[in-house]
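The structure appears right after this line, and notes come after that.
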Amino acid sequence: MYSLGTLVLALAVLAVTFADDAKPPPAQILSDKSNVNANGYNFEFNTSDGVSRQEEGELISVGEHKGIGIKGSYSYTGPDGQQYQVTFTADDKGYRPELRVIAPGSQPQQ
Ligand SMILES: *[C@@H]1O[C@H](CO)[C@@H](O)[C@H](O)[C@H]1NC(C)=O
């Protein structure tokens, strides 16, 4: 099960990862939306250095256990100039990422 502490830690690790990616020059945030409610949350943002990320989490029950099921994706430009996209699900069955290369000129899927 995923506790709120685990989620906060995961977000902090991601924040550090993006902070390192952002220098130099500092990336600008182009769009940033988030929403939290009783059943879950979602957010999305993108930045001027080619990073975009979106995620949604909702309360799930497995048997008597409750936790947060998360779906999301992020994309970024690799050191090789290619745009990569990782789509992931994290729930009671574990963290399951899928990586794909986005062909230049096509839009990343949300
Ligand atoms: C950033 O997100 C906004 C809103 O979703 C979108 O209109 C814009 O095209 C995105 N910019 C980039 C560079 O992905």
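Hey, can you tell me all the residues within segment 39-69 that are of a type in the set (A, V, I, L, M) and either touching a Leu at 6+ places or on another chain (Cβ under 8 Å) or within 11 Å of the ligand (Cβ to nearest atom) (or both)? Working first, answer last.
Step one: of segment 39-69, the residues of a type in the set (A, V, I, L, M) are 51, 59-60, 62, 68.
If the condition is that a residue be of a type in the set (A, V, I, L, M) and either touching a Leu at 6+ places or on another chain (Cβ under 8 Å) or within 11 Å of the ligand (Cβ to nearest atom) (or both), then 51, 68 are the ones that fit.
Restrict the check to segment 99-106 and report whether at least one residue is among the polar types (S, T, N, Q), under 13 Å from the mean Cα position of the chain (by Cα) and over 23 Å from residue 3 (Cβ atoms). Talk me through it step by step, then tell me what you get.
Filtering segment 99-106 for residues among the polar types (S, T, N, Q) gives 106.
Then keep just the ones that are under 13 Å from the mean Cα position of the chain (by Cα); that gives none.
No, every residue in segment 99-106 fails to be among the polar types (S, T, N, Q), under 13 Å from the mean Cα position of the chain (by Cα) and over 23 Å from residue 3 (Cβ atoms).
Could you check segment 58-69 and list, in sequence order, the residues that are farther than 12 Å from residue 39 by Cα and in contact (Cβ under 8 Å) with a residue 12 or more places away in the chain?
Looking only at segment 58-69, we keep the residues that are farther than 12 Å from residue 39 by Cα, and these are 62-65.
Within segment 58-69, 62, 65 meet the criteria.
Here, each number is a calculation from the coordinates, and none is a lab measurement. Since the structure is predicted, the reported quantities are computational estimates derived from the model, not experimental observations. All Cβ positions, even for glycine, are placed from backbone atoms using ideal geometry, and neighbour counts span all protein chains on display.
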